[in-house]
Amino acid sequence: MATALHSDPGMVLPRNPESFKASIIVADWNGHITDALLQGALETFSRAGVSRKAVTVTHVPGSVELVYGAALAMQRENPSAVIVLGCVIKGDTPHFDYVCESVTQGVTMLNARGDVPVIFGLLTTLTERQALDRAGGSLGNKGSEAAVTAIAMANLH
């Protein structure tokens, strides 16, 4: 979902609200941004009628660890959907490329299993300003969009 095209992600309600459970895995790196993404996701779940008790939040050190956290959540929590939230801001080295590719491939691999939808909420931006704009700023909140997507994908199951 391109935020510029979808500044209001709309509201999707869980098909079975009493059994819907979400796991959110949040990277602590760039925490001021990932915390805003997390708040957006939690607020959206609340507006959709999802109990806060039905949402597990797990923090991991950085974005590469999101995939492992998601895999553990899938094994241990039996969620309806998993969301990974992180933020990688391009620097002067190729580290940005390796991190982004690693998380993308990992989330793709988890989704290919077909057990539980894993929603990609990793911001990959060139600047901190671009990240802030997507974490509750002028371009909306990608965490909120991830929650809407999680509900929609869980409804397919």
Residues of type lysines that Lys53 reaches as a straight line, Cα spacing below 16 Å, ignoring anything fewer than 8 places off in the same chain: Lys21
Correct option for P(r) over Cα pairs in 5 Å bins from 0, in percent [calculated from the coordinates] among [x] 2, 10, 21, 24, 21, 15, 6, 2, 0, 0; [y] 2, 8, 15, 15, 13, 13, 13, 11, 7, 3, 1, 0; [z] 1, 9, 17, 20, 16, 12, 9, 7, 5, 3, 2, 0: [x]
Under-5 Å amide H pairs with Gly137, H placed in peptide plane, nonlocal only: none
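Can you give the % of DSSP beta bridges in the range 35-157 that are antiparallel, to the nearest 5?
Percent antiparallel among DSSP bridges in the range 35-157 is about 20.
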Accessible area of the chain divided out per residue, in Å², using a probe of 1.4 angstrom: 51 Å²
Distance in nm between pseudo-label sites at Ser138 and Met109 (7 Å out along the Cβ direction from Cα): 3.9 nm
Under the span-like rule (Cα at least 20 Å along the axis, Kyte-Doolittle mean at least -1.0), DSSP H helices of the chain: 31-47, 95-113, 142-156
Mean separation of Cα contacts under 8 Å (6+ apart) over length of the chain, as relative contact order %: 33 percent
Qualifying lysines (Cα of each under 27 Å from Cα of Lys90; at least 8 residues distant if same chain): Lys142
Options Val107, Leu66, Ala147, ranked by Cα towards positive dipole end of the chain, top entry (Cβ charges): Ala147
Magnitude of the charge dipole, the chain, Cβ model with Lys/Arg +1 and Asp/Glu -1, debye to 20: 440 debye
Helical mean residue ellipticity (222 nm; -39500 (n - 2.57) per DSSP H run of 4+; nearest 500) of the chain: -14000 deg cm²/dmol
Carbon plus sulfur fraction of accessible area for the chain, probe 1.4 Å, in percent: 54 percent
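The values are calculated or read from the model by the stated rules, or taken from the named source; none is laboratory data. Just so we're clear, the structure is a prediction, and the values are computed from it rather than from any experiment. Cβ: placed from backbone, ideal geometry, glycine included. Neighbour counts: every protein chain shown. These area figures cover heavy atoms from the full protein model, side chains too; ligands, DNA and RNA do not enter into them. Shrake-Rupley method; radii C 1.70, N 1.55, O 1.52, S 1.80 Å.
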